[in-house]
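The values are calculated or read from the model by the stated rules, or taken from the named source; none is laboratory data. Everything numeric here is computed off the predicted structure, so don't read it as measured data. Only protein heavy atoms, including side chains, enter the accessible area calculation; ligands, DNA and RNA are left aside. Shrake-Rupley method; radii C 1.70, N 1.55, O 1.52, S 1.80 Å.
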Amino acid sequence: REVVKRLREFYRRRDEDELLLQVDLNQIVNKALSLTQPKWKQQAQASGKTITIETDLGELPPTLGNETELREMLTNLVFNAVDAMPEGGTIRVRTRRDADQIVLTVSDTGTGMDEETRRRCLEPFFTTKGERGTGLGLAIVSRLLQLHGAQLEVASRPGSGTRMAFVLPAAPNRDAT
């Protein structure tokens, strides 16, 4: 049932009248990290590993977005990072302003991906997790970013972790004349 629900979300189109509201991306990052803490902290410690989260959240203007979708995107990225660090490690989340854009970077110190996996990681149903994965997590991340007009860059090497950087447009200044 959960997979079907995620598939529907993946393939749905954004309605023309569906509004993107001004949101605070740093607030969404903090909520996502709080919601995922049971997995990256408690579950990891219970299995004998330590995962730490480091944040560097810059001063940002609002962006136009759907808070629930952006939080789901970040949740998927944190869960993937945790899965990529079987011995523990560090997840770094950084936000910064770059002119009229907002850059969000999520990186981990995990196992990384070879070039073939990196090229395919956003494809629906592509997974390296075997029975533990559906192959929808990063595909949904990619789709949600498309719906938000964001650009995505994936950098990874085996043994060197993975970095995903997203560029979102800042919300237009409604006070400008």
Whole number in Å², please: accessible area per residue of the chain, 1.4 Å probe, ligands, DNA and RNA not counted.
-> 58
Note, ³J(HN,Hα) from phi for the stretch 112-119, Karplus 6.51, -1.76, 1.60, rounded to Hz, x at Gly and Pro = x, 10, 6, 4, 4, 5, 4, 5
Check Thr90: other-chain or 5+ apart residues with amide H under 5 Å from its amide H, H built from backbone geometry?
-> Thr52, Thr109
Please count, across the chain, the pairs of lysine residues with Cα atoms under 22 Å apart that sit 8 or more places apart or on different chains.
-> 9
What percentage of the solvent-accessible surface of the chain, computed with a 1.4 Å probe over protein heavy atoms, is contributed by carbon and sulfur atoms?
-> 46
